[in-house]
Every structure is written in structure tokens, then in C-alpha cells.
Amino acid sequence: MEFSLCIDSIYPEDGLKEKLERIKQAGFKFIEFWDWRDKDFELIINSGLKVTNFSGNRVSSLTLDSKEKVIQEVNASIDVAKKLKCNRIMLLSDILEGDGSVKTNLLSSEKKFLRLYDNLKVLVEVAKKENIVLVIEPLNTLKDHKNYYLDNFQKTLELIQSINSEHLKILYDIYHMQIMEGNILDTLQKYHQFIGYIHVANVPYRCEPWIGELDFTFILKELLKVYSGFVGFEFFVKEKSFTYEKLYDWIQSINL
């Protein structure tokens, strides 16, 4: 199991150069981020840190837009992935507004599912040619992402299983799924073969893993028995005493 830090959620106000230096000095080797359009690739490449994941569709909707529009954006994201030597791209079912919500529309749930399926079916073929793994993320609609279509694990699993490709997996965000349905560890243990990436933030504050209602020490120890991929820390800092070193030491203390 390897650990990656989301540079867009942890200390978003810090400059990129300083942030990358501090992350590396703390002992981390991997980073991830959301949109690639505002990133300085040269700084990232020269930092010595490896990019494990980033968002592939911030301006095209998999539930509403045409295949042509979706493919155009994902192809651009794949070009970025090649530059960064990253083999994983995150997908969202919808376009998120500034507040995290999704604009309402009149399309039925059934039609959204079919459009999502059709778009992913095409994108999987693109990803296969480029040796990229797409990881699609269900989000919570109760607190952070109102009207987001893919808001539960079973719907996402049905989608993944119906497409049946090694180039399409689930990004399982423990924070989002705890809010929507709970049963975190059992789900991870039972369906780990369909999961290509995991996000960590504690509930209810979407913050450091040691603050909140979930025992991440226990979760990560149990998870290690069935999962050997990347765990991305995608949280917002809550405590004033937080440092990258504190997070690194906390991980080391679990003895994974």
C-alpha cells in the first residue's frame, strides 16, 4: 500500500513550489490533484514526487455530454498523464459547480445511466490503447455534492461490472461513502477487486484521519489484507498543529 497527498485540498493557499518541497521533506513520494489546467508541470516533474492520480473531466459531463466532447477532454488529460508519467485518471459523472453541487437538469436517471455507460464504454477503449486506468468516483449528495448522479457504491459497481474492463475501476472515497451508506470495511473487503484507488478523509469534517468518527488505524490495517494499491489523503486541514511530518509519522505508527 502506498500513500499520496492531494495538493489541492491540503493547504490550498500555499504556493506549489513550497508545498512540493515540504511534502518531499516530510518523507512522502507521491501526490495527486484535481484539475490539471492550473498546474505548473515543470515544477511537478522536477520536484522528485510522482503523480498518482488527477481529474480527467472537469468541463465535460459523462451523464449529459456527447462522446465527442468527453473523448476530447479525456484525450487532453491523457496527454498530460503521459507528460507526468501518471497511469491513472479520475473521472466524475458530472460537472461540479464552485460550491461542489451539480446543476439540475431534466434528464431522467435511466437516460443518465445509459449516457454514462455509453461514454465510459468508449473511454475504456481509449484508455486501453494508452495503457491508462480510469477510476470513477461516487460522491455524497447529502452534504457536499447536491444532484451528483453517481452517489452510491452499488450503482457504481453495476456500471463497472457491466463494462467489465481492467481499465475501469472505482475510486472509493471513504469519506463520501461513510456519509451515504457506511459499511466501509465490509464493502472494501468484499469488492476490493473492483477498486482502483482509495481516498481518505475523516467524517464529519472531511479532515485529518485521526480526527472524527472513523478509526482509520483499524481500517487501514484491515484494508492491507486485501488491497495493495494507492491511498490518497484528500482532506482539508482542521487542526492548527497539522504538519506533513505529523501525517507521515501517523502513517508510520500504524506499522503497515
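The values are calculated or read from the model by the stated rules, or taken from the named source; none is laboratory data. This one's a predicted model, so the numbers in the text were calculated from it and none came from an experiment. Virtual Cβ from ideal backbone geometry, glycine too; neighbours counted across all protein chains shown. Heavy atoms of the whole protein, side chains included, go into the accessibility calculation; ligands, DNA and RNA do not. Shrake-Rupley method; radii C 1.70, N 1.55, O 1.52, S 1.80 Å.
Restricting to region 145-159, name every residue that is touching a residue at least 40 places away in the same chain (Cβ under 8 Å) and open to solvent by less than 40 Å² (accessible area, probe 1.4 Å).
His145, Tyr148, Tyr149, Leu150, Leu159
Please specify each residue of region 215-229 satisfying the condition of being open to solvent by 30 Å² or more (accessible area, probe 1.4 Å) and either of a type in the set (Lys, Arg) or out of contact with any helix residue (DSSP H, G or I) (no Cβ under 6 Å at 6 or more places or on another chain) (or both).
First pass over region 215-229, keeping only residues open to solvent by 30 Å² or more (accessible area, probe 1.4 Å): 215, 217-218, 221-222, 224-226, 228.
Correct list: Asp215, Thr217, Phe218, Lys221, Leu224, Lys225, Ser228.
Taking region 41-66 as the region of interest, how many residues are closer than 20 Å to Phe3 by Cα and open to solvent by less than 40 Å² (accessible area, probe 1.4 Å)?
8
Which of the residues that make up region 1-40 are hydrophobic (A, V, I, L, M, F, W, C) and within 17 Å of the chain's Cα centre (by Cα)?
Residues satisfying the conditions are Met1, Phe3, Leu5, Cys6, Ile7, Ile10, Phe30, Ile31, Phe33, Trp34, Trp36.
Filter region 117-142 for residues that are part of a loop (DSSP other than H, G, I, E, B) and without any contact (Cβ under 8 Å) to a residue 40 or more places away in the chain; which is surrounded by the fewest Cβ atoms within 10 Å (Cβ to Cβ)?
Here the answer is Leu142.
Listed residues Tyr191, Tyr197; which is among the hydroxyl-bearing types (Ser, Thr, Tyr), crowded, with 19+ Cβ neighbours inside 10 Å and under 23 Å from Asn87 (Cα atoms)?
Criteria check complete, one pass: Tyr197.
Is there any pair linking a residue in region 5-28 that is closer than 18 Å to Gly48 by Cα and open to solvent by 10 Å² or more (accessible area, probe 1.4 Å) to one that is among the small types (Gly, Ala, Ser) and modelled with pLDDT of 95 or more, with Cβ under 7 Å and at least six apart or on different chains, and which?
Final answer for the pair search is Lys24/Ser47; Lys24/Gly48.
Would you mind listing the helices (runs of 4 or more DSSP H) fully within region 161-256 where at least 3 residues are under 26 Å from Asp14 (Cβ atoms)?
Output list reads 174-180, 244-253.
To keep it simple, each residue is scored yes or no on (1) closer than 21 Å to Asn53 by Cβ; (2) acidic (Asp, Glu).
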{"position": "His199", "(1), (2)": "yes, no"}
{"position": "Val203", "(1), (2)": "no, no"}
{"position": "Pro209", "(1), (2)": "yes, no"}
{"position": "Glu213", "(1), (2)": "no, yes"}
{"position": "Phe216", "(1), (2)": "yes, no"}
{"position": "Leu220", "(1), (2)": "yes, no"}
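Per-residue answers, yes or no, for (1) more than 23 Å from Ser66 (Cα to Cα); (2) among the aliphatic types (A, V, I, L, M):
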position	(1), (2)
Glu125	no, no
Val133	no, yes
Lys143	yes, no
Phe153	yes, no
Asn164	no, no
Leu168	no, yes
Glu181	yes, no
Leu188	yes, yes
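Pairs under 9 Å by beta carbon, first residue farther than 27 Å from Asn105 by Cα and touching a residue at least 40 places away in the same chain (Cβ under 8 Å) in region 49-69, partner open to solvent by 30 Å² or more (accessible area, probe 1.4 Å) and in a loop (DSSP other than H, G, I, E, B), six or more apart or different chains?
Every condition considered, the pairs that remain are Thr52/Asn87.
One line per residue, one yes/no per condition, for (1) under 30 Å from Lys112 (Cα atoms); (2) under 15 Å from the mean Cα position of the chain (by Cα); (3) open to solvent by less than 10 Å² (accessible area, probe 1.4 Å):
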residue	(1), (2), (3)
Ser165	yes, no, no
Lys169	yes, yes, no
Val231	yes, yes, yes
Glu245	no, no, no
